[in-house]
Every structure is written in C-alpha cells, then in structure tokens.
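The structure under discussion appears below in the form of structure tokens.
The values are calculated or read from the model by the stated rules, or taken from the named source; none is laboratory data. Every value quoted in this text rests on a predicted model; they were computed, and no experiment measured them. When we count neighbours, we look across all protein chains shown, and the Cβ atoms used for this are built from the backbone with ideal geometry, even at glycine.
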Ligand code: NDP
C-alpha cells in the first residue's frame with residue numbers, strides 16, 4: 001500500500017481502536033482510491049483523506065423508555081453526521097443489539113460515497129440504537145421511538161439531516177418516529193424523514209427501492225457479458241425489506257429464487273419462491289413478525305440452522321447477500337465461485353469480507369459492491385425529498401423509471417471509472433473512485449474548514 005495512504009489508515013486505527021468494521025470499511029475504500037490519489041495530487045495537497053475519514057459530528061444520547069411491566073429501560077442512541085459537502089446528511093437508522101458507534105461510523109462512511117454516486121445532492125450519515133425490536137410489543141416500540149425522537153428532533157431537518165430506515169426500522173418505526181417529531185415540533189417539516197408511508201408523504205416504490213435497485217444493477221452487470229436474469233437461479237440472504245423486494249424483482253425478471261434466510265437459519269425451496277409464496281413471507285415477516293423456519297414448515301421444504309451452514313453452499317448463478325455486514329466469508333465466497341456463480345450483487349452493506357471480495361474479483365465474477373448495488377434505497381429517499389419539496393407526487397411507474405435510470409447511471413459511472421483507471425469491470429474501484437471524486441472536489445471548493 002502507498003505510504004501516505006497507509007499512514008492515514010494507521011491514524012484511523014490508532015484514534016479509535018476497537019472499531020473493527022469501521023477500520024475495514026476505511027481500508028477497503030482507501031486501498032481502492034490509490035490510483036486516484038496518484039493521478040490527482042490536489043487530494044493529498046488538501047489533506048482530503050485525513051478529513052474524509054473523520055465524521056463532521058457524532059451525537060450520542062440516552063434513550064430511557066418504559067417496558068410492558070412499567071420498568072424503565074435505557075438504550076443508547078447515535079447519529080453520525082459524517083459528511084455534508086454535497087448535501088444534507090442522509091442515511092438510515094438501525095435498531096439492533098449489535099449497534100455501536102463503530103458500526104454506525106462504518107455505515108455513515110459508506111453512505112458518503114454511495115450518496116455521491118446516486119447523482120442526487122445528499123451527504124452521508126447514519127444513526128440508530130442498540131435497542132432490539134425483536135419480541136417487543138408495538139406499544140414498547142412506539143414508546144422507544146418517541147423517547148429517541150425527544151433528542152433526535154433537534155438535529156434533523158430538510159436542509160440538515162434526513163434519516164430513513166435500515167435494519168429493524170421499517171414502516172412501523174418510521175411512523176412512530178414521525179408522529180413523535182410532529183408532536184414535539186408541531187411541524188410537518190417538509191421532509192425530516194424518508195420511508196414514510198405513501199398516505200402521509202412517502203414516495204411510492206421507496207419500500208421496494210433497495211431490492212429492486214440491486215437487481216437492476218445486477219441486470220446491468222450481466223448485460224456487459226451478453227447475459228440476463230431469465231432462467232437464472234438466485235440465492236438471496238435475509239428476509240427483511242431488501243431481501244423481499246430483491247426476490248420480487250428477480251421473479252418479475254424471470255429468475256428463480258431458491259433460498260431466503262434470517263439470523264436463525266435458511267430455507268431451500270428448489271421449486272423457487274413464486275409471487276404467492278413471497279406474499280406469504282411478507283406477511284410472516286412484516287405483519288406476524290415470525291421466523292423463516294415457519295416457511296419450511298408451511299411449504300414443506302428444507303430448513304438449515306445458521307450454525308450448520310449457509311445458503312452460499314447452494315449452486316446458483318446469482319447471489320444477493322441482503323442481510324448484514326460480513327455475512328459472506330472467504331470460504332463461502334470460494335464455494336460460490338466453485339459452484340459457478342456468475343454475479344454477486346450486495347443488497348446489504350459490506351456483506352462480503354475483504355478476502356471474499358478478492359476471491360470474486362480474481363475469479364472474474366461480476367461483483368457489485370453495496371455502495372453501488374444497494375444505492376437504490378437512498379436514491380428513492382432522495383426522490384421522496386424532491387416530491388415533498390414540490391408538494392406533488394409521482395406515480396409508481398414514474399418513480400420506478402427514475403430508479404431504474406439512476407441504477408443504470410451508477411453502473412455506467414462505476415464501469416467507466418474502472419476503465420479509466422485500467423481496471424475495467426472492477427466495480428469496487430470504479431464505485432469508490434467515482435463516489436470519492438465528487439465529494440473531495442466539493443470539499444476543496446468549499447475551503448479548508450470543511
Ligand atoms: P431488515 O431489518 O428489514 O431485515 C434484515 C434481515 O437480515 C432480517 O432477515 C434479519 O434476520 C437478517 N439479519 C440481520 N442481522 C443478521 C445477522 N447478524 N445474521 C444473519 N441475518 C441477519 O433490514 P433491511 O432489509 O432494511 O437491511 C438489510 C441490509 O441492507 C443491511 O445491511 C442494511 O444496511 C442494507 N440496506 C438497507 C437499505 C434499506 O433501504 N432498507 C438501503 C441500503 C442498504 P433477523 O430477523 O433474524 O434479525
């Protein structure tokens with residue numbers, strides 16, 4: 001690694017030891033930026049790398065809330081406002097027991113480059129809490145969301161910071177958060193949150209956007225090899241928002257999805273998950289809040305617990321990891337390659353470990369990194385902001401067409417940039433450099449205090 005880049009990376013590790021996933025995300029980006037740093041000396045001269053790895057601001061706060069027995073519980077809340085050079089901070093809120101400042105710094109850092117790639121004016125941020133919504137009643141979730149908003153409301157706004165959903169934060173949570181915001185401020189705030197329901201300010205296609213966008217990105221990668229999704233076998237991990245709509249788009253485009261998972265295990269349905277079965281999964285996960293194991297019981301298919309293996313052992317053409325970070329390890333990447341996988345589209349953020357990414361790239365697998373492949377969600381969040389500003393809504397078809405166009409543009413930009421730097425088809429390099437250059441140039445234009 002270049003000495004200068006290495007020194008920036010070492011400082012990141014020294015300043016915040018223990019933030020492993022953040023270090024991993026920084027290393028992956030810094031390594032791939034090397035050709036751009038060499039080609040354009042202005043970035044080193046303006047200390048852009050030193051600045052871009054440091055969040056502009058981190059807010060950490062206490063979230064006390066009452067459980068069903070009337071006992072006060074305390075969780076920790078965060079908002080990492082990472083970079084606002086090209087627009088207000090934008091990025092989701094995650095509710096999961098594994099949430100720490102380091103996890104949110106990794107997600108906020110990734111978001112900076114992803115949002116830049118969308119071509120929309122959005123900076124990067126991320127937030128959330130170590131609160132676990134699993135097993136909680138609706139009243140407990142509402143109570144928690146309200147308490148979180150008592151602090152968060154003063155840090156957000158249409159020109160400041162616009163949070164959305166992520167793991168554990170779906171339509172129900174966004175509803176409670178928005179209700180609390182309005183109660184506290186007596187203000188609709190034009191657009192302080194995205195992922196709202198369509199009846200009260202949300203955009204059509206926002207729930208579908210990340211999953212659909214990921215499949216659109218895979219479709220573009222396949223086109224470069226004269227292939228398409230028709231007849232392809234796909235494995236999707238997770239069974240939440242991203243996984244559900246990635247599955248739906250795969251079905252619509254003629255692919256056969258044979259697996260879904262949750263943190264407990266995974267199902268293998270060799271006949272394929274059709275629209276009817278998917279509707280059943282959506283009801284299971286979004287309404288009844290059950291476990292994927294129940295699919296196996298209901299449809300009489302195989303179920304394997306996580307401790308006994310992963311769906312990446314299945315033979316497939318397309319792999320869409322759509323659950324969480326580091327869910328595909330090197331061994332699993334190798335299994336996918338050995339089984340002839342053609343394309344991997346990361347629906348989740350950083351689901352593949354660095355060694356796994358290397359294996360995909362070296363084997364010539366079409367690999368769409370999360371920053372590019374899952375940018376459809378935040379893109380339609382950006383479109384939700386635009387619609388709220390003009391107090392007018394677009395139809396499903398209009399939003400879907402815009403999403404499709406954005407994903408095609410992101411693909412073209414990443415592809416072209418990879419070519420420019422002599423690594424044609426390496427979407428990691430292409431997406432990171434293309435996302436970086438726009439933010440870095442904005443920081444230089446706006447002076448050294450940015
Ligand atoms: P959801 O909460 O809707 O679903 C998450 C799914 O992943 C669940 O099936 C969950 O299972 C599973 N999962 C979570 N943690 C683990 C784990 N440690 N091991 C195995 N499975 C796990 O979240 P989303 O679908 O919204 O998000 C999924 C991924 O996509 C995340 O990486 C997120 O950052 C990323 N993403 C989401 C966007 C969005 O618009 N929602 C936008 C861009 C990226 P269980 O129920 O058992 O926990």
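Report, by residue number, each residue of the range 405-436 that is under 27 Å from residue 357 (Cβ atoms) and surrounded by fewer than 17 Cβ atoms within 10 Å (Cβ to Cβ).
408, 409, 412, 416, 419, 420, 422, 424
Could you tell me which residue of the range 223-238 is surrounded by the most Cβ atoms within 10 Å (Cβ to Cβ), considering only residues that are more than 10 Å from the ligand (Cβ to nearest atom) and farther than 29 Å from residue 416 by Cβ?
It comes out as 235.
Consider residue 334 carefully, then state whether it is touching a residue at least 24 places away in the same chain (Cβ under 8 Å), closer than 23 Å to residue 212 by Cα and surrounded by fewer than 19 Cβ atoms within 10 Å (Cβ to Cβ).
Values: touching a residue at least 24 places away in the same chain (Cβ under 8 Å): yes; closer than 23 Å to residue 212 by Cα: no; surrounded by fewer than 19 Cβ atoms within 10 Å (Cβ to Cβ): yes.
The answer is no for residue 334.
Looking only at the range 161-212, count how many residues are in contact (Cβ under 8 Å) with a residue 12 or more places away in the chain and not in a helix (DSSP H, G or I).
Of the residues in that region, 25 qualify.
Looking only at the range 263-274, count every residue that is closer than 22 Å to residue 230 by Cα, under 24 Å from the mean Cα position of the chain (by Cα) and surrounded by fewer than 19 Cβ atoms within 10 Å (Cβ to Cβ) and tell me the total.
Qualifying residue count, the range 263-274: 0.
Considering only residues that are touching a helix residue (DSSP H, G or I) at 6+ places or on another chain (Cβ under 6 Å) and over 19 Å from residue 377 (Cβ atoms), which ones fall in the range 134-167?
Hits for the range 134-167 are 142, 145, 146, 149, 153.
So which residues in the range 345-374 are on the phi > 0 side of the Ramachandran plot and more than 16 Å from the ligand (Cβ to nearest atom)? Steps first, answer last, please.
Here is the first cut: in the range 345-374, the ones on the phi > 0 side of the Ramachandran plot are 350, 364.
Answer for the range 345-374, where residues must be on the phi > 0 side of the Ramachandran plot and more than 16 Å from the ligand (Cβ to nearest atom): just 364.
Based on what the data block shows, is residue 385 part of a loop (DSSP other than H, G, I, E, B), within 16 Å of the ligand (Cβ to nearest atom) and either in contact with a strand residue (DSSP E or B) (Cβ under 9 Å, 6 or more places away or on another chain) or not assigned by TED's automatic domain parsing to the domain that holds residue 158 (or both)? Talk me through it step by step, then tell me what you get.
On the way: part of a loop (DSSP other than H, G, I, E, B): no; within 16 Å of the ligand (Cβ to nearest atom): yes; either in contact with a strand residue (DSSP E or B) (Cβ under 9 Å, 6 or more places away or on another chain) or not assigned by TED's automatic domain parsing to the domain that holds residue 158 (or both): yes.
When the stated conditions are applied, residue 385 does not pass them.
Which number in (1) within 30 Å of residue 317 (Cα to Cα); (2) more than 16 Å from the ligand (Cβ to nearest atom); (3) part of a loop (DSSP other than H, G, I, E, B); (4) within 22 Å of the chain's Cα centre (by Cα) marks the one condition that residue 220 misses?
Single failed check for residue 220: (3).
Quick check on this structure: which one of 410, 406 is under 21 Å from residue 29 (Cα atoms), in a helix (DSSP H, G or I) and at pLDDT 95 or above? Working first, answer last.
Working: 406 fails: under 21 Å from residue 29 (Cα atoms).
Only one candidate qualifies: 410.
Somewhere in the range 111-126, is a residue surrounded by fewer than 24 Cβ atoms within 10 Å (Cβ to Cβ) and within 10 Å of the ligand (Cβ to nearest atom)?
Our first condition is that a residue be surrounded by fewer than 24 Cβ atoms within 10 Å (Cβ to Cβ); within the range 111-126, this holds for 119-121.
Narrowing further to those that are within 10 Å of the ligand (Cβ to nearest atom): none.
Scanning the range 111-126 turns up no residue that is surrounded by fewer than 24 Cβ atoms within 10 Å (Cβ to Cβ) and within 10 Å of the ligand (Cβ to nearest atom).
Of all residues in the range 162-201, how many are under 17 Å from the mean Cα position of the chain (by Cα) and either assigned by TED's automatic domain parsing to the domain that holds residue 98 or within 12 Å of the ligand (Cβ to nearest atom) (or both)? Steps first, answer last, please.
Our first condition is that a residue be under 17 Å from the mean Cα position of the chain (by Cα); within the range 162-201, this holds for 162-171, 174, 193-195.
Keeping just the survivors that are either assigned by TED's automatic domain parsing to the domain that holds residue 98 or within 12 Å of the ligand (Cβ to nearest atom) (or both) gives 162-171, 174, 194-195.
Residues meeting the conditions: 13.
Of the residues that make up the range 239-253, is at least one away from the ligand (no atom under 13 Å from the Cβ), free of Cβ contacts under 8 Å to residues at least 12 places away in the same chain, closer than 28 Å to residue 303 by Cα and not assigned by TED's automatic domain parsing to the domain that holds residue 129?
Checking the range 239-253: at least one residue is away from the ligand (no atom under 13 Å from the Cβ), free of Cβ contacts under 8 Å to residues at least 12 places away in the same chain, closer than 28 Å to residue 303 by Cα and not assigned by TED's automatic domain parsing to the domain that holds residue 129.
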